[in-house]
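Here the structure is laid out as structure tokens; the discussion comes afterwards.
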Amino acid sequence: MAPPPNTQLAQKEGRIALAMQALKQGYISNIYTAAQTYDVPDKTLRRRVNGINARRDSVPTNRKLTTTEELTLIEWILSMDQRGLPVRSDSIRQMANLLLQKRSQNNMLTVGQRWVYNFVQRHDSLQSKYTRKYDYQRAKCEDPTIIRDWFRLVRNTIEKYGILEEDIYNFDETGFQMGVTPTAKVITGANKGKPVSVQPGNREWVTVIDCISSSGYNVPPVIIFEGKMHQSTWYSETLPLDWVIGVSENGWTDNVLGLTWLEHVFEKHTAPCTKGVYRLLILDGHGSHLTPEFDLFCKEHLIITLCMPPHSSHLLQPLDVGCFAVLKQSYGRQIEGYMRNGVNHIDKPDFLRAFHAARTEAMTLANIQSSFAATGLVPYNPERVLSKLHTQLKTPTPPSTSHANNAPASTQAWAFETPRDTAQLALQANAIKRTALPTPTNRALAQLVKGCQLAMNSAVLLAEENRQLRHENERQKKKRAKRRAFIATGGTLTMQEGLNRSQATNIVPESGAVTEEVIVKTRAPRTCSMCKSLLHTARTCPTKQVSN
């Protein structure tokens, strides 16, 4: 019975090592004779003598991270997975860039666009998986006839009223559970089942009303919290001052809030920048969009509304197609960052901070314009939607870019001293190996260097985690130090109005200053309940003693 392939390979490598030793010590003077004596291929032996390593021991020239750095990254990925915090590909890319920049002392070096994908593919212990299953399915009403009728209606409306492309808007509501992150593809251990992602779990509902135009402009949002009173801690100068915050009993929008958005947000921010006479507002069939008051205001202000066919917003609505998905994925990354930094409960100020960062990332000019293009509205192209009914498009991989290679670390001079990072450790190890130590010592040194590199790389990742934890801890301290006050009942307030009311009630905003002395309430002194004297209590009252 033949030995396993790994055993055969080990035996072959052993014979090659013996043949090279015989040649080096002068027992055999000819490479061909040594290959015949030790039963190894003469071409292989000749390459080894010339310093060419085996393919399995060679590192590709375009490999960005070293083997030990990749092992450190794998250990970090598996560690985060065991803690219930599986990481996404962008987090892995961030840590890989950190290791690369620390070793090369060059903050401009980064891994490639598809590096994470290739990294997962060449390591059997890793696998990309989804963290959730689908909770619901869309109604199957993708009828080409209905879609064509919709585009015909859009074209006829634009031609009838002479609406310019810059005056086409889309608005809709979307909901967030403040402490729940959406499904994402994460990197986890290959031998595990479906990965579990730990979340803060705060399921308080928040509704956001958003609106975009085909020119790339996004109208300030209206954020609707569950509650009855406005709190001063919601309003901060770090948030845009034209944002609007409203409250409702369940955190959902209603007819009043929908009309308020139309009158005080949409009309206020879009009327001054209208290019033509009419504005086209595309919306879905939500009840708050179909009230008589909503329709009357649109007619009085030359706003033409078009309602999409039922259950078709995933194909026809720009916000659903290109913006809301990116927005929620970005918000999920913000919440995952909070979890890694030890924040286990997301409150309303935390939501506003995370939503601001997510919206800045999602509502970009390019993303908004591509959303209108993907729905076939601007530029007008119904085939962009009709082609999706039975086919799925695949984005081509962008061409890779070449990067200038730095000089290898082994060519640099190095004085013997204690190494402080992986780059210095590599220089030290190469300098020691050039002293022609015996083979067993070289192997032991290689293992020692590998262990040191793993420890140093792990320290780099831990230092980054600690930096993020300290930053989040300072932010939480500042948030707890802020005083809270109720500044309004019901309705909506802009960020500027909320800040003005906070200052009027002597509450310090996030970046504000106290303008008046804070009045501290003190408890009234104790008095006798029988004679109201301040000198004693009812237990020692003289009146009580006389009556007894």
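The values are calculated or read from the model by the stated rules, or taken from the named source; none is laboratory data. Keep in mind that what you see is a predicted model, and the values were worked out from it rather than measured. When we count neighbours, we look across all protein chains shown, and the Cβ atoms used for this are built from the backbone with ideal geometry, even at glycine.
One table, with the values for the structure above:
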| quantity | calculated |
| --- | --- |
| Selection status of residue 314, within 29 Å of residue 148 (Cα to Cα), of a type outside the set (Gly, Ala, Ser), surrounded by fewer than 18 Cβ atoms within 10 Å (Cβ to Cβ) and under 29 Å from the mean Cα position of the chain (by Cα) | yes |
| Only listed residue being assigned to a strand (DSSP E or B), crowded, with 21+ Cβ neighbours inside 10 Å and hydroxyl-bearing (Ser, Thr, Tyr), chosen from 188, 174, 181 | 188 |
| Any hit, the stretch 228-247, residues being of a type in the set (Gly, Ala, Ser), over 22 Å from residue 178 (Cα atoms) and not in a strand (DSSP E or B) | no |
| Single residue of 219, 206 found to be buried (at least 18 other Cβ atoms within 10 Å of the Cβ), modelled with pLDDT of 75 or more, touching a Gly at 6+ places or on another chain (Cβ under 7 Å) and not hydroxyl-bearing (Ser, Thr, Tyr) | 206 |
| Long-range neighbours under 9 Å by Cβ, at least six apart or interchain, first residue modelled with pLDDT of 85 or more within the stretch 1-27, second of a type in the set (Phe, Trp, Tyr) and not in a helix (DSSP H, G or I) | 21/27 |
| Check on residue 195, closer than 23 Å to residue 352 by Cβ and either surrounded by fewer than 22 Cβ atoms within 10 Å (Cβ to Cβ) or in contact (Cβ under 8 Å) with a residue 40 or more places away in the chain (or both) | no |
| Selected residue [touching a Ser or Thr at 6+ places or on another chain (Cβ under 8 Å), of a type outside the set (Gly, Ala, Ser), part of a helix (DSSP H, G or I) and closer than 20 Å to residue 371 by Cβ] from 294, 324 | 324 |
| Any hit, the stretch 137-155, residues being in a strand (DSSP E or B), touching a strand residue (DSSP E or B) at 6+ places or on another chain (Cβ under 8 Å) and of a type outside the set (Asp, Glu) | no |
| Restricting the stretch 195-227 to residues that are assigned to a loop (DSSP other than H, G, I, E, B) and touching an Asp or Glu at 6+ places or on another chain (Cβ under 7 Å), the residue that is nearest to residue 498 (Cα to Cα) | 204 |
| Residue, farthest from the chain's Cα centre (by Cα), within the stretch 240-267, restricted to residues that are surrounded by fewer than 16 Cβ atoms within 10 Å (Cβ to Cβ), more than 18 Å from residue 294 (Cα to Cα) and in contact (Cβ under 8 Å) with a residue 40 or more places away in the chain | 250 |
| Residue identified as modelled with pLDDT of 90 or more, under 22 Å from residue 142 (Cβ atoms), out of contact with any Gly (no Cβ under 6 Å at 6 or more places or on another chain) and surrounded by 11 or more Cβ atoms within 10 Å (Cβ to Cβ) among 364, 375 | 375 |
| Residue list for the stretch 272-291, filter: of a type in the set (A, V, I, L, M) and part of a strand (DSSP E or B) | 280, 281, 282, 283 |
| Residue ID - modelled with the highest pLDDT, chosen from residues in the stretch 509-548 that are surrounded by 10 or more Cβ atoms within 10 Å (Cβ to Cβ), closer than 30 Å to residue 240 by Cβ and not acidic (Asp, Glu) | 509 |
| Those residues of the stretch 342-369 which are over 23 Å from residue 232 (Cα atoms) and within 14 Å of the chain's Cα centre (by Cα), in sequence order | 360, 361, 362 |
